[in-house]
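Undergrad: Below are the structure tokens for one structure; questions will follow.
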Amino acid sequence: NAGVTQTPKFRILKIGQSMTLQCTQDMNHNYMYWYRQDPGMGLKLIYYSVGAGITDKGEVPNGYNVSRSTTEDFPLRLELAAPSQTSVYFCASSSLQGDNGYTFGSGTRLTVV
Amino acid sequence: DQQVKQNSPSLSVQEGRISILNCDYTNSMFDYFLWYKKYPAEGPTFLISISSIKDKNEDGRFTVFLNKSAKHLSLHIVPSQPGDSAVYFCAAWGFSGSARQLTFGSGTQLTVLP
């Protein structure tokens, strides 16, 4: 049971480059989320999805895009990387009820130089 | 405007003693609360939860207390072990727009000293 899988684990980008952070879950969860965690800070919601074909902005969406073409996959796209996007990115999923909260992936550490 | 606050960024406790981690919230519509534990280079993992209709939930060495009137919850770890050293996040379920979401606190780094 893989849970939530994120790739890559680490990446260094140059300013202005673009990349896609991949996220896949095998639990048939409807809800999926992208968070970023900056040093010494909590988790800030970037985007979320309540089901295939439906996405919405979270607290800090600027500079990012998402898509949800299938229940399993929720990729996060950075179009023009900026140093302010240096962070650890976590993908998470949950069932509709979610009383145990989210299941998180292990994170992607991104550095923009 | 932080709706879930963890005012202590760090806490150090001796092995075998009690660890108490605190969390305050402002939104009275939150109906379920959770604690997550996070080790370095890993994603947060669910630890324990409590419904807003209860005031205590226990799971082994971990107990969560909820004081709704004070909008305060706490996590007690007894006895603390070195393996408990991690960042602990408090989180609360509630609606933001049309979607039910978790709102997270900023975390408390717990260090259990041998």
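The values are calculated or read from the model by the stated rules, or taken from the named source; none is laboratory data. Bear in mind the structure is a predicted one, so any value in this text is a computation, not a measurement. Cβ coordinates were reconstructed from backbone atoms using ideal geometry, including for glycine residues, and neighbour counts include every protein chain displayed. For the accessible areas, the whole protein counts, side chains as well, though only heavy atoms, and no ligand, DNA or RNA atoms are used. Shrake-Rupley method; radii C 1.70, N 1.55, O 1.52, S 1.80 Å.
Undergrad: Could you please let me know if A:ARG109 is assigned to a loop (DSSP other than H, G, I, E, B), within 14 Å of chain B (Cβ to nearest Cβ), within 12 Å of the chain's Cα centre (by Cα) and more than 30 Å from B:ILE53 (Cβ to Cβ)?
TA: No, not satisfied.
Undergrad: Determine if region B:95-114 includes at least one residue that is in contact with a helix residue (DSSP H, G or I) (Cβ under 6 Å, 6 or more places away or on another chain) and either part of a loop (DSSP other than H, G, I, E, B) or modelled with pLDDT under 95 (or both).
TA: yes
Undergrad: In region A:45-57, which residues are open to solvent by less than 60 Å² (accessible area, probe 1.4 Å) and either charged (D, E, K, R) or under 11 Å from the mean Cα position of the chain (by Cα) (or both)?
TA: A:LEU45, A:ILE46, A:TYR47, A:TYR48, A:SER49
Undergrad: Here's a follow-up. Exactly one condition in (1) in contact (Cβ under 8 Å) with a residue 40 or more places away in the chain; (2) open to solvent by less than 60 Å² (accessible area, probe 1.4 Å); (3) in a strand (DSSP E or B); (4) at the interface with chain A (Cβ under 10 Å from one of its Cβ atoms) is not met by B:LEU73; state its number.
TA: All conditions pass for B:LEU73, except number (4).
Undergrad: Follow-up question, since we're still on this one. What's the number of the condition B:VAL87 fails, among (1) more than 25 Å from A:ARG36 (Cα to Cα); (2) assigned to a strand (DSSP E or B); (3) of a type in the set (Val, Ile, Thr)?
TA: Going through (1) more than 25 Å from A:ARG36 (Cα to Cα); (2) assigned to a strand (DSSP E or B); (3) of a type in the set (Val, Ile, Thr) one by one, B:VAL87 breaks only (1).
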